[in-house]
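Step one of this worksheet: look at the structure below.
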Amino acid sequence: MKSRSLLLGLVALALSIAPLAGHAEALDDIMKSGTLKVAVPQDFPPFGSVTPDLKPVGYDIDVANLIGKKLGVKVELVPVTSANRIPYLQTKKVDLVISSLGKNPDREKVIDFSEPYAPFFNGVFGAADVKVSKVGDLAGMTVGVTRGAVEDLELSKIAPPTATIKRYEDNNGTISAFLSGQVQVIATGNVVAAAIIAKNPPKKPETKFLIKNSPCSIGLNKDEPKLLQKVNAIIAESRKDGSLNAISVKWLGAPLPATL
Amino acid sequence: MAYHFDFGAILDYTPVLIKGIAITGELIGIGAVIGVAVGIACAWARTFGPAWLRPPVSAYVELMRNTPFLVQLFFIFFGLPSLGIKLTEMEGAIIAMVVNLGAYSTEIIRAGIQATPRGVIEAGSSLAMTRLQVFRYVILKPALQRIWPALSSQIVIVMLGSAVCSQIAVEELTFAANFIQSRTFRAFETYFVVTGIYLLLAVLLRQLLRALGWWLFPKKAVR
């Protein structure tokens, strides 16, 4: 008898607290606790990786710290994988997901997205002296791609018939073909291009045109208008004052594209 | 068995496969002729050549026989452009196959040459043949006949080894297989078909070399 009334009491307590918790604005909670919990990748350079002394570094980590600084709170980084980053947000283990997350209709059903903060695209890259600005310009050129990758499938559909597509086994083959001059341009992801630039080669791949664009956005829980507005304001401000551009140059080796 | 074969998807890519077979054929056709020629020249250099020629030839043979074919291929295709030597992927692949087969066939042919009895060479000289004539008729021809089966095997091995040329985007048979597989995701069927084609090609090449051997070395010529 006693245990049943205790149970009832607990249920009643839970019911009375639950709506309260639901109504509380996440932004207020963050400001009150003074910590912003951010889900960041640790296995996806240059967006997030771990240094030999186990410190997380990368584009996403810098953006997390930037937002923390502008909010005036401490940032607590929570390492996630690409599979569990959204569940971490939904279960409120984190306030924001800054984990190279691309917007798509399925994800938009469960979480909200901020304005994009990082470029993420497949495109055609070439040295500065190669004149290519659209897919038609590839006529008569030799293009290297990694066989079976998205850019291979897309480019095979849209490339002019006189363009020669050379398909390599993996990204390393594609990179080698570009650096050794076996192909004039390559179709690949901007992250791969960034990896080439990071090695400081004699020939730097520059973006010529985009094939498929899916920029990264910050993920937040639904129905947090104040937090969303604040995050968007910070992104807009950082874009204007150059701090976001500096992060892009630091990790991707290229300034933020104007389209972002 | 739970797996359902679907060869229909592969059938759509027949032209890709045929092109692959043609290019594999081209690679081994050119590679074998020039490669064996290189082998004969180097075998001569290592047995009868001038003393100054022997160390560099030995170095070449040992270098090729003690490094992987794939690495040699990458060296030629991705490495040499840094020195300003730019080759198409076909040129790169053929050169890699020639230098590789050249080194192995050098050793095979040299073995045949060294098995020549001293008396036969002396007999040739006593017939007032020049040194070149002695090498050509008395030493080389019987030597090639002796090692023909071994040389045939080596050529078949190099033909099968040409599969790695797909790594530098040569569109040969393995490239065709990887291409079809990446488009259809029918890996089992693709490699099933391509394995069959390679087997057929290898058997065909062996028969061709055997017939060539009969034609080159008629029964009664030696022994």
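The values are calculated or read from the model by the stated rules, or taken from the named source; none is laboratory data. From a predicted model like this one, the values you see are computed outputs, not experimental measurements. Glycine also receives a Cβ, built like all others from the backbone with ideal geometry; neighbour counts cover every protein chain displayed.
Miscellaneous remarks
- When we screen A:Lys92, A:Lys74, A:Lys157 for residues that are more than 26 Å from B:Glu172 (Cα to Cα), surrounded by fewer than 19 Cβ atoms within 10 Å (Cβ to Cβ), out of contact with any Leu (no Cβ under 9 Å at 6 or more places or on another chain) and charged (D, E, K, R), the only hit is A:Lys92.
- Residue match in the stretch B:84-101 (condition: of a type in the set (A, V, I, L, M, F, W, C), without any contact (Cβ under 8 Å) to a residue 12 or more places away in the chain and closer than 29 Å to A:Arg167 by Cα): yes
- The listed residue being of a type outside the set (Asp, Glu), exposed (fewer than 15 other Cβ atoms within 10 Å of the Cβ) and closer than 23 Å to B:Ser152 by Cβ, out of B:Gly29, B:Gly35, B:Gly49: B:Gly29
- Residues of the stretch B:174-216 classified as at pLDDT below 90 and farther than 30 Å from A:Glu154 by Cβ, total: 0
- Flag if B:Glu107 is within 20 Å of the chain's Cα centre (by Cα), assigned to a helix (DSSP H, G or I) and in contact (Cβ under 8 Å) with a residue 40 or more places away in the chain: yes
- Scan of the stretch A:204-236 for residues that are without any contact (Cβ under 8 Å) to a residue 60 or more places away in the chain and either under 17 Å from the mean Cα position of the chain (by Cα) or under 18 Å from A:Thr259 (Cβ atoms) (or both), ordered by number: none
- Residues of the stretch A:19-78 satisfying the condition of being aliphatic (A, V, I, L, M), modelled with pLDDT under 90 and either under 14 Å from the mean Cα position of the chain (by Cα) or in a loop (DSSP other than H, G, I, E, B) (or both): A:Ala24, A:Leu54
- Failed condition for A:Pro215, given (1) surrounded by fewer than 18 Cβ atoms within 10 Å (Cβ to Cβ); (2) under 27 Å from A:Tyr88 (Cα atoms): (1)
- For the stretch B:78-104, filtering for residues that are modelled with pLDDT of 95 or more and touching a Gly at 6+ places or on another chain (Cβ under 6 Å) leaves 5.
- Pair list, Cβ < 8 Å and 6+ apart or interchain, from the stretch A:26-49 residues that are surrounded by 17 or more Cβ atoms within 10 Å (Cβ to Cβ) to residues that are of a type in the set (Lys, Arg): A:Ala26/A:Lys226; A:Leu27/A:Lys226; A:Leu27/A:Lys230; A:Leu36/A:Lys74; A:Lys37/A:Lys93; A:Ala39/A:Arg85; A:Ala39/A:Lys93; A:Pro41/A:Arg85
- The sole residue among B:Tyr191, B:Tyr198 that is under 26 Å from B:Leu101 (Cβ atoms) and over 20 Å from the mean Cα position of the chain (by Cα) is B:Tyr191.
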